[in-house]
Amino acid sequence: SQTIHQWPATLVQPVGSPLSLECTVEGTSNPNLYWYRQAAGRGLQLLFYSVGIGQISSEVPQNLSASRPQDRQFILSSKKLLLSDSGFYLCAWSYRGLGGPLHFGNGTRLTVT
Amino acid sequence: GQQLNQSPQSMFIQEGEDVSMNCTSSSIFNTWLWYKQDPGEGPVLLIALYKAGELTSNGRLTAQFGITRKDSFLNISASIPSDVGIYFCAGQLGGGATNKLIFGTGTLLAVQP
């Protein structure tokens with residue numbers, strides 16, 4: 001069966017510090033990978049998605065970047081965090097191809113102070 | 001980012017009551033999905049709908065893919081305390097390999113024993 005792991009679960013970082021959140025998927029190959037952010041008040045906003053190694057598409061302009069160095073590894077980064085980067089970050093995977101649900105990790109709660 | 005119109009925003013009900021929530025969109029979707037999110041965790045897939053008019057059940061949950069492909073509803077029968085959480089609809093556009101989801105604004109469900 002497929003599993004998705006995100007870490008850390010919680011993170012408190014000062015403004016201006018760097019960020020690296022990691023996500024890995026097990027039990028499948030060539031998945032699509034996604035980073036979502038959920039601000040207080042529930043809405044899930046797609047930040048990045050990837051259909052393959054080194055292929056990253058950005059959905060919204062922001063202070064963050066994403067990378068996919070390996071097939072089942074997805075990393076969310078920032079060089080200098082802003083207060084507005086605080087939120088709940090969710091990684092997800094889906095099978096490649098047309099249609100099919102996304103499966104989410106348990107998220108990382110990021111607080112920028 | 002784009003979000004679907006989901007209603008109601010919140011519901012406070014007694015254990016045993018039935019619940020109904022819905023999502024509408026100005027766009028046509030090829031897939032409708034319903035997720036539940038518990039506090040501090042990632043959304044978990046409840047039901048996936050792939051065909052207009054499709055009615056699918058998962059235990060006490062029933063969801064339908066609207067015939068116009070622009071809406072979907074979720075019913076929960078005989079609610080229990082563990083049904084508490086935030087429920088999200090999500091629409092998936094066709095025509096590509098990205099499988100990106102557009103999420104609804106969420107329905108917060110509280111169940112009083």
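The values are calculated or read from the model by the stated rules, or taken from the named source; none is laboratory data. Not measured: the values here are computed from a predicted model. Because the Cβ atoms are built from the backbone with ideal geometry, glycine has one as well, and the counts that use them run over all protein chains shown.
Any residue in the range B:81-101 that is part of a loop (DSSP other than H, G, I, E, B), surrounded by 15 or more Cβ atoms within 10 Å (Cβ to Cβ) and more than 14 Å from chain A (Cβ to nearest Cβ)?
yes
Out of B:Asn22, B:Asn5, report the one residue that is exposed (fewer than 15 other Cβ atoms within 10 Å of the Cβ), in a strand (DSSP E or B) and polar (S, T, N, Q).
Being exposed (fewer than 15 other Cβ atoms within 10 Å of the Cβ), in a strand (DSSP E or B) and polar (S, T, N, Q) holds for just one of B:Asn22, B:Asn5, which is B:Asn5.
For the range A:62-106, name all the residues that are within 11 Å of chain B (Cβ to nearest Cβ), crowded, with 18+ Cβ neighbours inside 10 Å and of a type in the set (Gly, Ala, Ser).
Hits for the range A:62-106 are A:Ala92, A:Ser94, A:Gly105.
So B:Arg69 fits all but one of (1) crowded, with 18+ Cβ neighbours inside 10 Å; (2) at pLDDT below 95; (3) within 13 Å of chain A (Cβ to nearest Cβ); what number is the exception?
Failed condition: (3).
Among the candidates B:Ala78, B:Ala48, which residue alone is surrounded by 18 or more Cβ atoms within 10 Å (Cβ to Cβ) and either within 9 Å of chain A (Cβ to nearest Cβ) or over 14 Å from the mean Cα position of the chain (by Cα) (or both)?
B:Ala48
Could you go through the range A:29-44 and let me know if any residue there is modelled with pLDDT under 95, surrounded by 12 or more Cβ atoms within 10 Å (Cβ to Cβ) and away from every other protein chain (no Cβ under 13 Å).
No, there is no match, as no residue in the range A:29-44 is modelled with pLDDT under 95, surrounded by 12 or more Cβ atoms within 10 Å (Cβ to Cβ) and away from every other protein chain (no Cβ under 13 Å).
Within the range A:88-108, which residues are without any contact (Cβ under 8 Å) to a residue 60 or more places away in the chain and of a type in the set (A, V, I, L, M)?
Within the range A:88-108, A:Leu98 is the sole residue that qualifies.
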